[in-house]
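Engineer: Quick one: the structure is below, and I'll ask about it shortly.
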Amino acid sequence: MFEVKNLSVSAGEKKIIEKINLSIKDSEILVLFGPNGSGKSTLIKTIMGFSGYQISSGEILFDNKKLNELSVDERVKMGIGIMYQHPPKIRGVRLSQIAGFLTKDEGRINSLARELSLESHLEREINLDFSGGEMKRSELFQILLQKPRLLLLDEPESGVDVENISNMGRVLNNYLKESKSSALIITHTGYILDYIDANRACVMIDGGMWCYGKPREIFESIKNDGYIKCKECKCPSSF
């Protein structure tokens, strides 16, 4: 349902991603590991169509439709949603207002707010004076209200304590199972693997795709041997 073909991306004069290939099937969860500065966040932002990233070669396909020239809102309307690594703070807009814009189903808004312990945050300005865990729960709340078919999650557990990770992981996993949506999840810590039934994983190093296989096995290899070991098993172009 989603495919990246021979994709190369630059930001300004700097090439960040070099001829990568990956695919995600319906109802599949793909985990992406990689050191800082390897291009993971650039990949997600390019998929969403954010400005500042130029595709020099390749294409991005969703339901066999090419996304390269589509605007961000057009991609969102097709069913792609993003959860930011560093969520923005938005003054003057309450969380309940953005929730009402995303869905008219008040029952779902209240139910999801309750599940994510955000009931007392609904009338607060988005992410303003929120803790790290509150911001990430707010982001998850917003993306799930969109009901996307493809979720792009950039380090959802970053800066979040164990209790919040457990709560978010349970809610996210339930959504993915019930909706049969797909996801691309970037993680450094690997904590999210305790709660998500991920199918496959791959490692991004220096803008290229490398070692791939079972998420747990790759994560254990990274913990034991670092990322350098991953370069011994480069991803084939058909990954």
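Bear in mind that the values in this text are calculations on the coordinates, not laboratory data. As the structure is a prediction and not an experimental result, all values here were calculated from the model. Here the Cβ positions follow ideal geometry from the backbone for every residue, glycine too, while neighbour counts run over all protein chains shown.
Engineer: In deg cm²/dmol and to the nearest 500, what is the mean residue ellipticity at 222 nm of the chain if only DSSP H runs of at least 4 residues count, each as -39500 (n - 2.57), divided by the residue total?
Structural biologist: Details: 7 runs with 78 residues, N = 239.
Theoretical 222 nm ellipticity from helices: -10000 deg cm²/dmol.
Engineer: If you average the alpha carbon positions of segment 1-77 and of segment 84-143, how far apart do those two centres end up, in angstrom?
Structural biologist: Here the two parts' Cα centres lie 26 Å apart.
Engineer: Cβ under 9 Å from ASN6's Cβ, ASN6 left aside: what net charge do those residues give with Lys, Arg +1 and Asp, Glu -1?
Structural biologist: In short, +1.
Engineer: In the neighborhood of ALA201, defined by Cβ-to-Cβ distances under 9 Å, what is the net charge if each Lys or Arg adds +1 and each Asp or Glu adds -1?
Structural biologist: Cβ neighbours under 9 Å give a net charge of +2.
Engineer: For volume of the Cα convex hull per residue in Å³, pick the label among (i) 121; (ii) 152; (iii) 108 that corresponds to the value derived from the coordinates.
Structural biologist: (i)
Engineer: How much length would be gained if the chain were fully extended between GLN54 and MET78, taking 0.36 nm per residue of separation minus their Cα-Cα distance, in nm to one decimal?
Structural biologist: Net length gain for the segment: 6.5 nm.
Engineer: Additional query: Just add up the charged neighbours of GLU115: K/R +1, D/E -1, any other residue whose Cβ is under 11 Å from the Cβ of GLU115.
Structural biologist: Its environment carries a net charge of +3.
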